[in-house]
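A.B. asks: Would you mind keeping the following structure in view while I ask a few things?
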There are 2 protein chains.
Amino acid sequence: MLLVFGSAKLLAELLERLGQPGIVGEILAGVILGPGVLAWISPTDLLKILADLGVMFLLFRVGLEVKPSELLKIGATATVVATVGVIVPFFLGWAILTAWGAPRIEAIFVGAAMVATSVGITAQVLSSKGLLRERSSQIILAAAVIDDVLGLLVLTLVSGMARGSVNPIEIGLTALMAVLFVVLVAKWGTRAMGRIVPRVQASLRVAEGEFALALIFLFTLSLLAIWIGVAAIVGAFLAGMALAESVGQRVRDFTNGTAELLVPFFLVGIGLHVDPGVFRTPSTMALAAIVLLAALASKFIGCGLGAWPLGRADALRIGVGMIPRGEVGMVVAQLGLAMGAISQPIYGVVVFMAVATTIAAPPLLKIVYRGLERPEGADEILRLG
Amino acid sequence: MLLVFGSAKLLAELLERLGQPGIVGEILAGVILGPGVLAWISPTDLLKILADLGVMFLLFRVGLEVKPSELLKIGATATVVATVGVIVPFFLGWAILTAWGAPRIEAIFVGAAMVATSVGITAQVLSSKGLLRERSSQIILAAAVIDDVLGLLVLTLVSGMARGSVNPIEIGLTALMAVLFVVLVAKWGTRAMGRIVPRVQASLRVAEGEFALALIFLFTLSLLAIWIGVAAIVGAFLAGMALAESVGQRVRDFTNGTAELLVPFFLVGIGLHVDPGVFRTPSTMALAAIVLLAALASKFIGCGLGAWPLGRADALRIGVGMIPRGEVGMVVAQLGLAMGAISQPIYGVVVFMAVATTIAAPPLLKIVYRGLERPEGADEILRLG
């Protein structure tokens, strides 16, 4: 644990000094420590658990800073961004693998792995720069949540195809449940929590009851999300959002503390999965490069196009913000591998794509958001004063 | 996770309403959910990891509230308390088991399991009532740390006997290292951190660098403690103490947040280990009752005697504060079981003793500290204002 946490922070510090986002350093720490380079650590259950908790708290923290009323206002744009941003990468991924001569199901799985955006990375960058209140940031967050629901549907469809039986009722039901879950929590969660939290809290006698309450709500929604089929982090994000207007500073501070401890494990965990086998044969290396370029370009163009009506600057920001695939792409690839739908080399290529897009996004975000950064709390007050 | 966390907080709330410490509720939640009663959950790796992290952060948090200069002042008294509090329970445990007809090595192991105090429980109770600054509280904390070092020596000795070879050099070396570690960190840790932390922090560019630094220090000392042979929590406590005067409120808030999340897993984890098999035969039930009474009485009398010069009230408080055996007694019992030195029924008896002393301590503490409780932060200011 010391090794993971220490080296993550060390590389983060190093990259900050080089003028790059520290988050990239933490992922690189995983790549360097992992089987690919030093082979000092490999993914274990312990790291997996800490990583899962880390990304949960990361999204919970982001949710706490988002007002659902604002998010619903930009819902239409976000839906367009998410939809175009799902279609373009899917077909591009499928087309490349088909041109490569891969079997139909493998091409479809790679397309599916290129679909889902990992909102964690972008959220972390935006939140650390105090940019979460920007219109473009809000659209990225909303679009990433919708993206996850769409990604779930694609995955359900694709796994059905791999099993050889597509069940339209199952897909319809999954879609209905996922949409209902997101819409219900986003729309009425805040009001419900606004009524419940102060009342319950006033009657609680246990110490730090408010934080305990928030955590219970977080765990409940995350579980519910998993049960429905969307990622746990969607539940965590919605839980944070629903509580955003009803919990005090103390809960925020406590959440930040927990996230600070756990998030590095999530970031290092992403880096750990890079498989050096990809770089052993020139042909897979070439494919990896092509898939990576396609992954970068397709989300950027797809989401940027969807956001075009907002003007060039915001379209650029949204296009870049949706690039990282992170752990979501890896989950799809793992499923495909487990179902025998994709081969080991292609699995390596997809993981490489997921990690590389994740590392590429923070520096790009830094460029497109140049001039908008707000220094954190204390500095801002000083400057205002 | 939801089940563990939720039910822990629910029972804590219930017991607070009944006028009992919430901490007892969280341990009872473990007993009820565990194999003994409902059998809904059993100890898993995940719970174990979260529990270990929980007790680490618990002791780190307590350390952050303790000034080493104050602790060193009461060092002599604490050493007496710890020493008498080790000798009395050991011989009583050994005598009972010998009278019971147990083999010599088993009697010695049970004696060893009755030695070490689990400071976590007492620290949690005292800290939640704002009593950590009391003289008696400081003595309990210091004595518990010394206790742990003495317990380590007893355990080294006892495992040597179980293996059939006692190595005096090994024991001397272990003793030397453990004592050096504690004394060095307690005496110079604060000064070193007072110089290092502000300097390093000023040059850090990474976000929340101070908390990251504190965590790295915490992990390092915990690892060092394990490597030397004392419990990780001793390292965590010392790390907190060394940082107490050099870190800001933000690090404290973050630590509190992490502890609030993780500590319930530690408490539930203790309860989970109760083995209902103990209550199956009347003879082990009788033995369990006798061992429990001896465990309660021996620490109370031993530590109370050691603290007698401080007056009746403080002697009483210190005697009660040293009662809980918690996870430390269980570790000794597990080791004995693994080495074949103690049998399954006796293991059950020791675990029962460890859990029962832990549950008994908080209500007793409440009684002996009556009238001294200080409500937390905000209330105090209001009353002073």
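A.B. asks: Just to check your reading of the model, which residue among A:ILE318, A:ILE290, A:ILE270 is under 22 Å from A:LEU364 (Cβ atoms), among the β-branched types (Val, Ile, Thr), in contact with a Leu (Cβ under 9 Å, 6 or more places away or on another chain) and in contact (Cβ under 8 Å) with a residue 24 or more places away in the chain?
C.D. replies: So the residue among A:ILE318, A:ILE290, A:ILE270 that is under 22 Å from A:LEU364 (Cβ atoms), among the β-branched types (Val, Ile, Thr), in contact with a Leu (Cβ under 9 Å, 6 or more places away or on another chain) and in contact (Cβ under 8 Å) with a residue 24 or more places away in the chain is A:ILE318.
A.B. asks: Can you find, within region A:360-385, the residue that is modelled with the lowest pLDDT among those that are in contact with a Leu (Cβ under 7 Å, 6 or more places away or on another chain) and of a type in the set (A, V, I, L, M)?
C.D. replies: The selected residue is A:LEU372.
A.B. asks: Also, quick follow-up: Kindly establish whether A:GLY189 is within 14 Å of chain B (Cβ to nearest Cβ) and farther than 22 Å from A:SER118 by Cα.
C.D. replies: So A:GLY189 does not fit the description; no.
A.B. asks: Within region A:222-240, track down each residue that is in a helix (DSSP H, G or I) and crowded, with 24+ Cβ neighbours inside 10 Å.
C.D. replies: If the condition is that a residue be in a helix (DSSP H, G or I) and crowded, with 24+ Cβ neighbours inside 10 Å, then A:SER222, A:ALA225, A:ILE233, A:VAL234, A:GLY235, A:ALA236, A:PHE237, A:LEU238, A:ALA239, A:GLY240 are the ones that fit.
A.B. asks: Scan region A:251-269 and tell me whether some residue there is among the hydrophobic types (A, V, I, L, M, F, W, C) and outside any helix (DSSP H, G or I).
C.D. replies: no
A.B. asks: Here is a follow-up. Counting just the residues of region B:51-70 that are part of a helix (DSSP H, G or I) and over 17 Å from the mean Cα position of the chain (by Cα), which one comes out farthest from B:ALA288 (Cα to Cα)?
C.D. replies: The extreme case among them is B:SER69.
A.B. asks: Search region B:96-139 for residues being buried (at least 24 other Cβ atoms within 10 Å of the Cβ) and not in a helix (DSSP H, G or I), and hand back the single one that is farthest from the other protein chains (Cβ to nearest Cβ).
C.D. replies: Within region B:96-139, the match that is farthest from the other protein chains (Cβ to nearest Cβ) is B:MET114.
A.B. asks: Quick one: count up the residues across region B:122-160 that are modelled with pLDDT under 85, of a type in the set (A, V, I, L, M, F, W, C) and touching a Lys or Arg at 6+ places or on another chain (Cβ under 9 Å).
C.D. replies: Within region B:122-160, residues that are modelled with pLDDT under 85, of a type in the set (A, V, I, L, M, F, W, C) and touching a Lys or Arg at 6+ places or on another chain (Cβ under 9 Å) number 3.
A.B. asks: If you go through region B:159-211, how many residues are aliphatic (A, V, I, L, M), part of a helix (DSSP H, G or I) and over 30 Å from B:GLU106 (Cβ atoms)?
C.D. replies: Of the residues in region B:159-211, 12 are aliphatic (A, V, I, L, M), part of a helix (DSSP H, G or I) and over 30 Å from B:GLU106 (Cβ atoms).
A.B. asks: Could you tell me which of the residues A:VAL349, A:VAL331, A:VAL320, A:VAL355 is in a helix (DSSP H, G or I) and surrounded by fewer than 22 Cβ atoms within 10 Å (Cβ to Cβ)?
C.D. replies: Every option except A:VAL331 fails the conditions.
A.B. asks: Are any of the residues in region A:208-219 more than 11 Å from chain B (Cβ to nearest Cβ) and on the phi < 0 side of the Ramachandran plot?
C.D. replies: no
A.B. asks: Further, regarding this structure: Counting only residues that are surrounded by 24 or more Cβ atoms within 10 Å (Cβ to Cβ) and in contact with a Ser or Thr (Cβ under 9 Å, 6 or more places away or on another chain), which one in region A:272-301 is nearest to A:MET56 (Cα to Cα)?
C.D. replies: Per the criteria, the residue is A:LEU272.
A.B. asks: Could you tell me whether any residue of region A:316-324 is among the basic types (Lys, Arg), modelled with pLDDT of 85 or more and out of contact with any Lys or Arg (no Cβ under 8 Å at 6 or more places or on another chain)?
C.D. replies: yes
A.B. asks: Quick test of your reading of the structure: B:GLU65 fulfils all but one of (1) modelled with pLDDT under 80; (2) under 25 Å from B:MET353 (Cα atoms); (3) not aromatic (Phe, Trp, Tyr). Name the failing condition by number.
C.D. replies: The single condition B:GLU65 does not satisfy is (2).
A.B. asks: Is it the case, given these coordinates, that A:THR156 is part of a helix (DSSP H, G or I), under 24 Å from A:ALA82 (Cα atoms) and not hydrophobic (A, V, I, L, M, F, W, C)?
C.D. replies: In short, yes.
A.B. asks: May I pose another question? Which residue pairs have Cβ atoms under 6 Å apart, sit 6 or more places apart or on different chains, and have a first residue in region B:42-71 that is touching a residue at least 40 places away in the same chain (Cβ under 8 Å) and away from chain A (no Cβ under 14 Å) and a second that is surrounded by 24 or more Cβ atoms within 10 Å (Cβ to Cβ) and of a type in the set (Gly, Ala, Ser)?
C.D. replies: Between residues of region B:42-71 that are touching a residue at least 40 places away in the same chain (Cβ under 8 Å) and away from chain A (no Cβ under 14 Å) and residues that are surrounded by 24 or more Cβ atoms within 10 Å (Cβ to Cβ) and of a type in the set (Gly, Ala, Ser), the close pairs are B:VAL55/B:GLY120; B:LEU59/B:ALA236; B:VAL62/B:ALA123; B:GLY63/B:GLY240; B:LEU71/B:ALA142.
A.B. asks: Sort out which residues of region B:273-285 are in a loop (DSSP other than H, G, I, E, B) and either in contact (Cβ under 8 Å) with a residue 60 or more places away in the chain or within 14 Å of chain A (Cβ to nearest Cβ) (or both), and write them in order of number.
C.D. replies: Selection gives B:HIS273, B:VAL274, B:ASP275, B:THR281.
A.B. asks: When you scan region A:305-317, how many residues do you find that are surrounded by 24 or more Cβ atoms within 10 Å (Cβ to Cβ) and assigned to a helix (DSSP H, G or I)?
C.D. replies: Counting residues in region A:305-317 that are surrounded by 24 or more Cβ atoms within 10 Å (Cβ to Cβ) and assigned to a helix (DSSP H, G or I) gives 2.
A.B. asks: Next question, about the same structure. I'm trying to understand the selection: among the residues of region B:352-371, which are of a type in the set (A, V, I, L, M, F, W, C) and closer than 24 Å to B:PHE279 by Cα?
C.D. replies: B:PHE352, B:MET353, B:ALA354, B:VAL355, B:ALA356, B:ILE359, B:ALA360, B:ALA361
A.B. asks: Which condition breaks for A:GLU245 when tested against (1) surrounded by fewer than 24 Cβ atoms within 10 Å (Cβ to Cβ); (2) assigned to a helix (DSSP H, G or I); (3) over 17 Å from the mean Cα position of the chain (by Cα)?
C.D. replies: Checking A:GLU245 against (1) surrounded by fewer than 24 Cβ atoms within 10 Å (Cβ to Cβ); (2) assigned to a helix (DSSP H, G or I); (3) over 17 Å from the mean Cα position of the chain (by Cα), the one that fails is (2).
The values are calculated or read from the model by the stated rules, or taken from the named source; none is laboratory data. All figures in this text were calculated on a predicted structure; none of them were measured in a lab. Glycine also receives a Cβ, built like all others from the backbone with ideal geometry; neighbour counts cover every protein chain displayed.
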